[in-house]
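Asker: Quick one: this structure, given as structure tokens, is what I'll be asking you about.
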Amino acid sequence: MVTLKSLPEEELFLAGSTACHGCPSSLALRIAFKALGSNVLLIVVASCTSVLQGSYPFSAINVPLLNMAFATGGASASGAVAGYKALKKRGEIEEEPTVLVWAGDGGTYDIGIQSLSGAAERETNFIYFCYNNEMYSNTGTQRSGATPLGAWTTTTPAGKPQHRKDIAQIMIAHGIPYVATVSLAYPLDFFQKMQKAKSIVGTKYIELLAPCPPGWKFPSSKTIEVSRLAVQSGMWLLYEHENGETRFTAATKKIIEGKVRKRPVKEYLDMQGRFKPVLEKPEGKEAEELLERKVTESIKRLKGWVPEYI
Amino acid sequence: MADDIESIEYVTSLSRPAKGCAGNTGEWRVFKPVKDDSKCNNCLICWIYCPEACISKEGINIDYQYCKGCGMCAEECPTKAIEMIKEDKF
Ligand SMILES: Cc1ncc(C[n+]2csc(CCOP(=O)(O)OP(=O)(O)O)c2C)c(N)n1
Ligand code: SF4
Ligand code: SF4
Ligand SMILES: [Mg+2]
């Protein structure tokens, strides 16, 4: 059984980075490295993680790292995987490293989707990790295709009128061998999904909901609590998809099985300043109800993939 | 100037891994997490949640050279063993 005690002590994300207080991406990297070990090539596409890894000539990342252009996550991984394959064939390396792409939601949902889709279709053997902070945080919090309905960003000052798309479902539709969602509030679930992704050959897509304190406007001490409430309210559903079947995990599983009551979306919204502009308006109630309906719809859609619940 | 440039064997854009790549980030702190050993039960929750890898797994010691004072450890500690105390000097 995986317990906190059994997790590796070694830190491959080094203290004293350039990350903001309470940054979800730095914490996610720490946990991901614990699961994957040090034989990893990390590919970071333009995002906050390009910045929080530290400033030249030093780096907080203690594995080989390539900083690549915004749109190129899937393509960069394809090149790296092919390169390692050639090196192995020539006998220059013994074991091919795990190729791990680390991209934001902008780099995944928006500009990076074609490159990711191509890599998945080519059955490239890598892990694509999207840390979804639901906005373009690095350039000053603009809206993305992952921003939920009602959320303030600098380009949606009155709250975003559209809801986010569901890219994990798009990745499931690619027929890749492993798709999973993770949360920082459930670190053991996260750790195990990363380990599983490492053990599977082919394209693996993992997505983290990454509450961003300055962007979402909550205190830096609350990153975990916001992550937890996202899951408990159904705004972020934890599951893994393998061999054509979806399995709910952690708190989401308990909610779906009726063992734990789902908390109202309103509680999650109230924790964050980014929903204040919309909630203060008369339409606020409507936005809240619409989000509640979106949660029900997402669960319904996912259940379609869960044989035992049909 | 030309002499200087010629004396450089090669220029690289490679960064080397090091702790404190942003300097002593402990200086960013406004509140300092202080642990009360009598309340700590070694559950490792603060260890796993520190985004800056500033808490040791062995002994739950906080590295104040780099701890940014985000408060996540104190917020999540189930026994309330960590208190955030205002730094008196900036
Ligand atoms: C082609 C291109 N367009 C724009 C940019 C500027 N840019 C750098 S990071 C970024 C936003 C990244 O957002 P996201 O992928 O969500 O990551 P986050 O910053 O939120 O971590 C943008 C627009 C760029 N680097 N390249
Ligand atoms: S979370 Fe609290 S009780 Fe658990 S190890 Fe840390 S200080 Fe000790
Ligand atoms: S205050 Fe933040 S940076 Fe400092 S030890 Fe606690 S979790 Fe780590
Ligand atoms: Mg983002």
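Asker: List the residues of region A:188-221 for which accessible area in the full set of protein chains is at least 20 Å² lower than for the chain on its own; 1.4 Å probe, protein heavy atoms only.
Answerer: Those are A:220, A:221, which lose 20 Å² or more relative to the chain on its own.
Asker: Working from Cα positions, state the angle (0 to 90°, nearest 10) between the long axis of helix A:73-89 and the longest principal axis of chain A.
Answerer: Computed tilt is about 20 degrees.
Asker: Taking the simple approach of a point 7 Å from Cα along Cα-to-Cβ for both residue A:195 and residue A:280, what is their distance in nm?
Answerer: About 4.7 nm separates the two model spin labels.
Asker: Can you give me the angle between helix A:284-303 and the longest principal axis of chain A, using Cα atoms only, in degrees from 0 to 90, rounded to the nearest 10?
Answerer: Long axis of A:284-303 versus the principal axis of chain A: about 50 degrees.
Asker: Determine the shielding of peptide A:259-267 by partner chains: average, over its residues, the number of Cβ atoms on other chains within 10 angstrom of each Cβ.
Answerer: That average works out to 0.
Asker: Peptide A:90-100: average number of partner chain Cβ atoms within 10 Å per residue?
Answerer: Taking the mean over all residues of the peptide, I get 0.
Asker: With a cut-off of at most 15 other beta carbons within 10 Å, and DSSP calling the residue loop, which GluC sites (Glu not before Pro) in region A:229-276 qualify? Please list them.
Answerer: For GluC sites (Glu not before Pro) across region A:229-276 that sit outside H, G, I, E and B with at most 15 neighbouring Cβ atoms in 10 Å, the list reads A:257.
Asker: Just to verify a number: FRET efficiency for residue B:27 and residue B:79, C-beta to C-beta distance, R0 = 22 Å, to 0.05?
Answerer: The computed FRET efficiency comes out at 0.15.
Asker: Right, next: Roughly how many Å is it from the Cα centre of region A:13-42 to that of region A:198-253, as a whole number?
Answerer: Spelled out, the Cα-based centre of one part sits 17 Å from the other.
Asker: Over the protein assembly as shown, what percent of the accessible surface lies on carbon and sulfur atoms, probe 1.4 Å?
Answerer: 54
Asker: Using square roots of five times the C-alpha gyration tensor eigenvalues, list the equivalent-ellipsoid semi-axes of region A:8-302 in whole Å, biggest first.
Answerer: Equivalent ellipsoid of region A:8-302: 31, 21, 18 Å, largest first.
Asker: Next up: Say R0 is 22 Å: what FRET efficiency, to the nearest 0.05, do residue B:40 and residue B:65 get from their beta-carbon distance?
Answerer: Computed FRET efficiency for residue B:40 and residue B:65: 0.60.
Asker: So, in Å, what gap is there between the alpha-carbon centers of region A:84-122 and region B:20-90?
Answerer: Each part's Cα centre sits 35 Å from the other's.
Asker: Which angle between 0 and 90 degrees, to the nearest 10, do you get for helix A:24-36 versus the longest principal axis of chain A when only C-alpha atoms count?
Answerer: Long axis of A:24-36 versus the principal axis of chain A: about 40 degrees.
Asker: Test of the criteria: in region A:66-135, which trypsin sites (Lys or Arg not before Pro) are in a DSSP loop and have at most 10 other Cβ atoms within 10 angstrom of their Cβ?
Answerer: Answer by residue number: A:90.
Asker: How would you classify region A:1-82 from its alpha-carbon gyration tensor, with a ≥ b ≥ c the square roots of the eigenvalues: rounded for a/c under 1.5, else prolate if a/b is greater than b/c, otherwise oblate?
Answerer: Judged from the Cα gyration tensor, region A:1-82 comes out oblate (a/c at least 1.5, b/c at or above a/b).
Asker: Still on this structure, I have one more. When you count, for each residue, the other Cβ atoms within 10 Å and take the mean per peptide, how do B:65-71, A:5-11, B:21-27, B:39-45 rank with the highest first?
Answerer: Top of the packing list down: B:65-71, B:21-27, B:39-45, A:5-11.
Asker: How much area per residue is accessible in the protein assembly as shown when the probe is 1.4 Å and only protein heavy atoms are counted (Å²)?
Answerer: 45
Asker: Starting from the Cα-Cα distance between residue A:300 and residue A:165, subtract it from 0.36 nm times their residue separation and give me the gain in nm to one decimal.
Answerer: 47.1 nm
Asker: In whole percent, what relative contact order does region A:8-302 give with Cα contacts below 8 Å and a gap of six or more residues?
Answerer: Averaging sequence separation for qualifying contacts and normalising by length gives 16 percent for region A:8-302.
The values are calculated or read from the model by the stated rules, or taken from the named source; none is laboratory data. Note that this is a predicted model, so its numbers are computed, not measured. Cβ: placed from backbone, ideal geometry, glycine included. Neighbour counts: every protein chain shown. Just the protein is used for accessible areas: all its heavy atoms, side chains included, with ligands, DNA and RNA removed. Shrake-Rupley method; radii C 1.70, N 1.55, O 1.52, S 1.80 Å.
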